[in-house]
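The values are calculated or read from the model by the stated rules, or taken from the named source; none is laboratory data. This is a predicted model, so every value here is computed, not measured. Backbone-built Cβ (ideal geometry, glycine too); neighbour counts: all protein chains shown. Accessible surface is based on the protein model in full, side chains and every heavy atom, while ligands, DNA and RNA are left aside. Shrake-Rupley method; radii C 1.70, N 1.55, O 1.52, S 1.80 Å.
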Amino acid sequence: MDILPPFISPVFPVFLQGLVLSLGLIVAIGAQNAFVLRQGLRREHVASVVLFCALADATLITAGVLGMAQALGRQPALAQAMALAGAAFLAWYGWQALQRARRARQLQTAEGGVGLSHGAALAQAAAFTLLNPHVYLDTVLLVGSIGAQQPDGLQGWFVAGASTASLSWFTALGFGARWLAPLFARPRAWQVLDGLIGATMWLLAALLVRHALQGT
C-alpha cells in the first residue's frame with residue numbers, strides 16, 4: 001500500500017511511512033521514555049536498556065505485520081475495514097496530540113535514588129514496555145495492519161523503517177540524555193512536538209482513507 005508519493009524508488013516511501021508512523025506513536029511523555037531518560041542521565045546500563053526497548057518494539061512490529069498479513073490475506077473487504085479503522089485511530093491520536101499541544105507539560109525524571117543492577121534495569125525496562133497495553137495496540141494492531149497492506153516484497157522495508165524509528169529514538173534518549181534533558185524539561189518544546197505529531201497523524205489518516213476508498 002503506497003500512501004506516500006512514489007519517488008526515488010518504491011522502497012523509500014514505504015520505509016519512510018514506517019519511520020514516520022512509528023516516531024509519531026513513540027515520541028510522547030510516558031513512563032518508558034522517562035525511564036530511558038533516567039538511565040541515560042545516570043549513565044547506568046544505557047546500552048542494555050536502549051537495546052531491549054528497541055528490540056522489543058521491532059519484535060512486536062514484525063509479529064504484527066506478519067500476523068496481520070496472514071489475517072488479511074486475500075480479503076480486500078477486511079483490508080479496507082482495517083485501513084479505515086487505522087485512519088480513525090490516527091485521527092483520534094492526532095486530535096489527542098493537538099490537545100496536548102495546548103497544555104504546558106514536560107518530561108521529568110530524577111537523577112537521584114538508588115542505582116539499579118543490570119538485571120533490575122532490564123526488568124524495569126521490560127515492565128515499562130510489555131505491561132503497557134497501548135504498546136500492543138500501537139505496534140501489533142495499528143502498525144501491523146498498515147504494514148501488512150504494503151505491496152508484496154516491501155513489507156520488510158516498512159518494518160525496517162518502523163524499527164529504525166524506535167532504535168533512533170531510544171538511542172538519542174539514552175545516550176543523549178545529558179543534552180536532551182534540558183530541552184525535554186521545557187513545556188514549549190513538547191507543545192511544538194505534539195503539534196507536529198498531530199498534523200502528521202492527520203495527514204497519514206487522510207492518506208489511509210484515500211487508499212481505502214480507492215480500493216473499493
> Inside the range 169-186, can you point out the residues that are assigned to a helix (DSSP H, G or I) and either buried (at least 22 other Cβ atoms within 10 Å of the Cβ) or touching a residue at least 40 places away in the same chain (Cβ under 8 Å) (or both)?
Replying inline: W169, F170, T171, L173, G174, F175, A177, R178, L180, A181, F184
>> If I filter the range 140-155 for residues that are assigned to a helix (DSSP H, G or I), in contact (Cβ under 8 Å) with a residue 40 or more places away in the chain, open to solvent by 60 Å² or more (accessible area, probe 1.4 Å) and of a type in the set (S, T, N, Q), do I get at least one hit?
In response: no
> Of the numbered conditions (1) open to solvent by 50 Å² or more (accessible area, probe 1.4 Å); (2) at pLDDT 85 or above; (3) not polar (S, T, N, Q), A125 satisfies every one except a single condition; which is it?
Replying inline: (1)
> Can you name the condition, by its number, that A63 falls short on among (1) under 16 Å from the mean Cα position of the chain (by Cα); (2) within 12 Å of V143 (Cβ to Cβ); (3) surrounded by 20 or more Cβ atoms within 10 Å (Cβ to Cβ)?
Replying inline: (3)
> For the subset of the range 17-50 comprising residues that are at pLDDT 90 or above and either of a type in the set (G, A, S) or surrounded by fewer than 17 Cβ atoms within 10 Å (Cβ to Cβ) (or both), which member is farthest from L183 (Cα to Cα)?
Replying inline: G18
